[in-house]
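Take a look at the structure below.
The values are calculated or read from the model by the stated rules, or taken from the named source; none is laboratory data. As the structure is a prediction and not an experimental result, all values here were calculated from the model. Quick reminder, even Gly has a Cβ in these numbers, built from the backbone with ideal geometry, and neighbours come from all protein chains shown. Heads up: the accessible areas ignore ligands, DNA and RNA and are worked out on the full protein's heavy atoms, side chains in. Shrake-Rupley method; radii C 1.70, N 1.55, O 1.52, S 1.80 Å.
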Amino acid sequence: MDFGAIFYIAIGLIYFFGQAIGRYKLFEKAGKPGWAAFIPGYNHYIWLQLIGKPAWWVALVFIPIASTLVIVAMKIDLARAFGKHKLKEHAAALFLPFYFFPKLGFDEKVKYLGPADQQKNIPKKSGAREWGDAILFAGVSALIIRTFLMEAFMIPTSSMERSLMAGDFLFVSKVHYGARMPQVPLAIPFVHNKIKLGDFTMKSYLDFPQLPYYRTPGFARVQRNDVVVFNYPKHDIEALPDGAGKVKPTSMKENYIKRCVGVPGDVLEVRGGQVYIDGAQGYQPENMQKEFKVLGKPGTQFVTQKRIGKGKDLKGKTTRFVEYTFPQREDLGFRMLKAPIRAFVKEVYNYSDNPNWYINSLENQEFTLFMTDDVAEIIRKNPNVSKVEEVTKPKGQRDGGLYPALYRGVNARAFAEMFPWNIDYYGPLTIPSKGMTIDITDGKNYALYQRVITGYEKHDLERQESNGQVKVLLDGNPITEYTFEMDYYWMMGDNRHNSQDSRFWGFVPEDHIVGKPLFVFMSYESDFGLRLGRIGTKNVK
């Protein structure tokens with residue numbers, strides 16, 4: 001049993017027995033059997049009697065989300081049943097129940113007065129106090145639901161297009177894979193990792209103290225081909241793009257969403273853009289997008305200028321823009337491209353949100369489109385198009401850009417020479433599983449897994465070579481083998497040529513897993529407006 005489990009089991013026992021002892025004394029004061037406080041279900045039945053609520057509420061205690069609202073209300077009403085009506089007392093009942101209720105129970109001056117609605121001479125609440133109680137109740141309930149049960153997320157980029165679109169709002173379950181206990185207790189509620197006011201950006205949390213990682217039991221493990229929300233692994237060495245700096249606490253890293261194509265122990269390889277697991281062809285998402293080169297027919301115009309408008313350039317100055325379009329562009333899900341007048345073509349995408357097509361050369365009518373095979377067939381039938389061909393990088397063409405500065409201690413050029421991989425031909429490599437042992441003196445193993453060992457499993461690792469002899473030190477001690485302490489996953493976007501994913505930043509540790517998307521509850525993007533047809537969709541499979 002690891003330290004995180006021991007820590008939270010200890011906290012849980014304190015929390016449970018503190019409340020149970022408090023209720024034991026309070027039950028006795030109300031003329032009920034004290035031992036009932038330790039019997040699940042029956043203790044809630046007695047509790048409901050004391051606060052004057054119907055017995056059928058017991059069923060609500062065991063229903064997810066509803067139980068959060070009910071328990072919050074029951075704790076406040078239990079405090080009121082013993083004459084505690086102040087806002088600070090209600091806050092103590094919610095945030096410190098393991099201290100507050102025993103304190104009431106052992107205080108001889110505190111008496112049971114009956115359900116609050118039956119008491120006489122209750123202090124009249126002011127309007128501000130009514131609002132305070134409502135905000136406290138709603139805030140605590142929402143915080144518990146957001147932390148342990150379910151949270152809303154918005155898709156910011158097109159890396160999962162067309163399975164999930166930029167602008168999709170999702171409900172994400174945190175209980176499917178087990179709820180992760182909060183790691184940063186001193187943080188502003190309902191704010192992820194930063195506060196941004198104009199040009200000013202600051203962290204929304206304190207780095208210290210940090211609590212150990214622990215995940216409650218879930219309904220399932222992450223399965224191959226699940227769509228998963230997780231924390232971006234690289235933000236402890238790569239600063240947030242908007243000035244908030246590097247993020248060390250795991251749970252405060254930015255949230256990403258991709259498809260899990262490889263699970264612990266899998267041998268993964270990408271051949272010609274297709275994923276293979278243990279030598280067998282893997283699952284291909286229905287809406288998987290590829291990169292295609294599109295050539296217009298000579299003497300025709302596949303892409304045309306739509307209109308000229310005004311907008312902000314990269315420096316925030318107002319300027320005039322050219323907007324580019326092509327037939328059926330919006331119907332087929334492509335966004336408008338725009339560029340400042342007299343700009344070079346390569347600047348076009350800098351002024352468009354989540355571009356999913358590029359202009360390579362207007363003069364030569366040459367374009368790049370990211371699309372599914374079905375959409376590619378529609379484009380081929382356009383009378384102004386002469387050729388549509390899939391783009392893949394040839395095997396053996398090294399792409400050093402896949403791993404810049406990711407594998408600390410291993411030069412990016414040396415890594416690229418050791419592994420001549422690119423986004424279409426990648427691997428094979430083994431995804432680490434908890435308990436798996438490797439020969440760490442092997443140069444390739446060291447290069448592939450040293451980030452895992454140092455960045456995620458928090459060890460010091462050093463490789464020394466002298467006279468042809470290799471020596472590896474783990475926390476100062478010589479080793480020849482290393483056994484992994486966590487499970488890891490391999491995540492890729494369904495938009496395979498337009499996705500920053502595990503091919504660029506490596507494995508996703510189990511402690512970075514946030515949850516499982518359930519469904520889209522709203523979808524809006526400026527290019528397409530409100531997409532009513534996507535609401536309720538389960539394209540998260």
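Numbers for the structure displayed
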| read-out | value |
| --- | --- |
| Residue that is nearest to E510 (Cα to Cα) [pool: residues in region 193-212 that are open to solvent by less than 50 Å² (accessible area, probe 1.4 Å) and part of a loop (DSSP other than H, G, I, E, B)] | P212 |
| Test for K88: is it open to solvent by 30 Å² or more (accessible area, probe 1.4 Å) and either charged (D, E, K, R) or in contact (Cβ under 8 Å) with a residue 40 or more places away in the chain (or both) | yes |
| Residue among K253, K234 that is more than 25 Å from G435 (Cα to Cα) and among the basic types (K, R) | K253 |
| Filter result for V228 (crowded, with 21+ Cβ neighbours inside 10 Å, at pLDDT 95 or above and closer than 30 Å to K196 by Cα) | yes |
| When residues of region 348-374 are limited to those that are surrounded by 13 or more Cβ atoms within 10 Å (Cβ to Cβ) and more than 27 Å from S163 (Cβ to Cβ), the one modelled with the lowest pLDDT | L362 |
| Every residue from region 490-514 that is under 21 Å from Y283 (Cα atoms) and touching a Ser or Thr at 6+ places or on another chain (Cβ under 8 Å) | W490, M491, M492, G493, D494, N495, N498, S499, Q500, D501, V508 |
| Close pairs (6 angstrom Cβ cut-off, 6 or more residues apart or separate chains): more than 19 Å from I71 (Cβ to Cβ) and open to solvent by 70 Å² or more (accessible area, probe 1.4 Å) in region 19-40, in a helix (DSSP H, G or I) and not acidic (D, E) anywhere | E28/G34 |
| A73, sole failed condition from (1) aliphatic (A, V, I, L, M); (2) under 25 Å from M150 (Cβ atoms); (3) over 32 Å from the mean Cα position of the chain (by Cα) | (3) |
| Which listed residue is under 20 Å from E89 (Cα atoms) and in contact with a Pro (Cβ under 7 Å, 6 or more places away or on another chain), from L143, L136 | L143 |
| Test: residue in region 226-242 that is within 15 Å of D511 (Cα to Cα) and over 17 Å from the mean Cα position of the chain (by Cα) | no |
| Pairs with Cβ under 6 Å, 6+ apart, first in region 459-470 and charged (D, E, K, R), second loosely packed, with under 14 Cβ neighbours inside 10 Å and not in a strand (DSSP E or B) | D460/D475 |
| Options P428, P517, P432: the member that is surrounded by fewer than 17 Cβ atoms within 10 Å (Cβ to Cβ) and either modelled with pLDDT of 90 or more or in a loop (DSSP other than H, G, I, E, B) (or both) | P428 |
| Top-ranked residue in region 463-505 [being closer than 17 Å to D439 by Cα and among the basic types (K, R); ranked as least open to solvent (accessible area, probe 1.4 Å)] | R463 |
| Candidates Y489, Y446, Y524 - the one that is closer than 30 Å to L332 by Cβ, touching a residue at least 12 places away in the same chain (Cβ under 8 Å), in contact with a strand residue (DSSP E or B) (Cβ under 9 Å, 6 or more places away or on another chain) and outside any loop (DSSP other than H, G, I, E, B) | Y524 |
| Answer residue from region 124-160, given it is acidic (D, E) and either free of Cβ contacts under 8 Å to residues at least 40 places away in the same chain or within 18 Å of D226 (Cβ to Cβ) (or both) and is surrounded by the most Cβ atoms within 10 Å (Cβ to Cβ) among those | E151 |
| Condition check for K290: open to solvent by 20 Å² or more (accessible area, probe 1.4 Å), at pLDDT 90 or above and of a type in the set (K, R) | yes |
| Residue within region 58-69 that is over 32 Å from the mean Cα position of the chain (by Cα), of a type outside the set (G, A, S) and surrounded by fewer than 19 Cβ atoms within 10 Å (Cβ to Cβ) present | yes |
| Residue pairs meeting the criteria (Cβ under 9 Å; at least 6 apart or on separate chains; first open to solvent by 30 Å² or more (accessible area, probe 1.4 Å), in region 242-268; second small (G, A, S) and in a loop (DSSP other than H, G, I, E, B)) | K246/A239; Y256/S159; P264/S433; G265/S433; V267/G279 |
| Filtered residue count, region 471-484, keeping only those that are out of contact with any Leu (no Cβ under 8 Å at 6 or more places or on another chain) and either of a type in the set (F, W, Y) or in contact (Cβ under 8 Å) with a residue 60 or more places away in the chain (or both) | 1 |
| Region 223-245: number of residues that are among the acidic types (D, E) and under 14 Å from R451 (Cα atoms) | 2 |
| Qualifying positions in region 231-241 - surrounded by fewer than 16 Cβ atoms within 10 Å (Cβ to Cβ) and touching a strand residue (DSSP E or B) at 6+ places or on another chain (Cβ under 7 Å) | A239 |
| Selection count, region 449-469, where residues are in contact with a strand residue (DSSP E or B) (Cβ under 6 Å, 6 or more places away or on another chain), assigned to a helix (DSSP H, G or I) and not aromatic (F, W, Y) | 3 |
| Filter result (modelled with pLDDT under 80 and open to solvent by 30 Å² or more (accessible area, probe 1.4 Å)) within region 375-409 | R398, D399, G400, G401, P404, A405, R408, G409 |
